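Notes for the one structure printed next.
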Ligand code: NAD
């Protein structure tokens, strides 16, 4: 699969576009209007700097060649017309995903395989809107795809086995380690592990059992892991645990969300990207 179209050029979409182009794929970047697409050159500069810092052999030549393999389009029919594979990274709302796939189904070539990068929705929630459920599945990336290069491949009961393998192969070709998920599972493997782990850390903090630093130290020293849960919160950013927990059925998790809002978000401490979260990076 050489021709890729990515729908949505936000945080994850832009990374999937750049990573695929860096691996030699021809990529069309689609978004809802030209104003949003006009911001992409700035995004490529940011990603080029990150690749230079994190990947030993990321030369300027290779990075410029990646950018040259990216074409942008705000016209959906034009964006998908040659696609072997479409990866959707539009906002995490079921109605937006369903409308997007319905619109794509009306214009995409018959051969095209469809994949969603949704973190929390199940492929079976979206499949009926694709017009080709047998060619639809999830390919889930982790933020900072060039570094945290896991590609979780998860179909629904009606996904064709050959399509599943083709997408796992594609993931490998663009430098991901494909993880084959054999049954639909909310949160895939990664978030099935990570969400309860981070929730347990949040509860220890809310109940005043230990400080974030000591909780992180305990985890790092006793397991050999490079980062503790509060360092992970800082990388993910404060908005995610806040949104995830503010309406939780568990009062401790709701309190954690309130603390995150009051003591961090409202003060502009949004995590590592903003220079400060549970830790200071200034
Ligand atoms: P984002 O808000 O940064 O980007 C969404 C993009 O979609 C924007 O560029 C927006 O203009 C565009 N968009 C909005 N409506 C659209 C439409 N109808 N058609 C096409 N494009 C449209 O979001 P994100 O963080 O990149 O998340 C996108 C998807 O990736 C979500 O499903 C999310 O669950 C998943 N994901 C996110 C992360 C993460 O860490 N941010 C990690 C893994 C997976």
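Here are the numbers for the structure shown:
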| item | result |
| --- | --- |
| Hey, residue 82 out of contact with any strand residue (DSSP E or B) (no Cβ under 6 Å at 6 or more places or on another chain), part of a loop (DSSP other than H, G, I, E, B) and either closer than 25 Å to residue 153 by Cβ or away from the ligand (no atom under 16 Å from the Cβ) (or both) or not | no |
| Boolean, residue 257 is within 25 Å of residue 119 (Cβ to Cβ), touching a helix residue (DSSP H, G or I) at 6+ places or on another chain (Cβ under 8 Å) and without any contact (Cβ under 8 Å) to a residue 40 or more places away in the chain | yes |
| Failed item in (1) over 17 Å from residue 263 (Cα atoms); (2) surrounded by fewer than 18 Cβ atoms within 10 Å (Cβ to Cβ), with residue 246 passing the rest | (1) |
| Selection from region 243-257 of residues that are closer than 11 Å to residue 202 by Cβ and in a helix (DSSP H, G or I) | 244, 245, 252, 253, 254, 255, 256, 257 |
| Any helices (runs of 4 or more DSSP H) falling wholly within region 1-70 and containing at least 3 residues that are within 13 Å of the ligand (Cβ to nearest atom) and surrounded by 23 or more Cβ atoms within 10 Å (Cβ to Cβ) | 11-22 |
| Filter result for the condition that a residue is out of contact with any helix residue (DSSP H, G or I) (no Cβ under 8 Å at 6 or more places or on another chain) and either within 16 Å of the ligand (Cβ to nearest atom) or without any contact (Cβ under 8 Å) to a residue 12 or more places away in the chain (or both), over 227, 218 | 218 |
| Residue in region 258-271 that is modelled with pLDDT under 95, out of contact with any strand residue (DSSP E or B) (no Cβ under 6 Å at 6 or more places or on another chain) and assigned to a helix (DSSP H, G or I) present | no |
| Selection count, region 1-21, where residues are within 11 Å of the chain's Cα centre (by Cα) and either without any contact (Cβ under 8 Å) to a residue 40 or more places away in the chain or at positive phi (or both) | 1 |
| Flag if residue 90 is in contact with a helix residue (DSSP H, G or I) (Cβ under 9 Å, 6 or more places away or on another chain) and within 12 Å of the ligand (Cβ to nearest atom) | yes |
| Residues located in region 101-115, provided they are surrounded by 23 or more Cβ atoms within 10 Å (Cβ to Cβ) and more than 17 Å from residue 154 (Cα to Cα) | 101, 104, 108 |
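Each row is one residue, and each column tells you yes or no for (1) modelled with pLDDT of 95 or more; (2) over 25 Å from the mean Cα position of the chain (by Cα).
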{"position": "205", "(1), (2)": "yes, yes"}
{"position": "216", "(1), (2)": "yes, no"}
{"position": "227", "(1), (2)": "yes, no"}
{"position": "230", "(1), (2)": "yes, no"}
{"position": "233", "(1), (2)": "yes, no"}
{"position": "238", "(1), (2)": "no, no"}
{"position": "243", "(1), (2)": "no, no"}
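The values are calculated or read from the model by the stated rules, or taken from the named source; none is laboratory data. Computed from a prediction, not measured in an experiment: that's the story for all the values here. Reconstructed Cβ throughout: ideal geometry from the backbone, glycine too, with neighbour counts over all protein chains shown.
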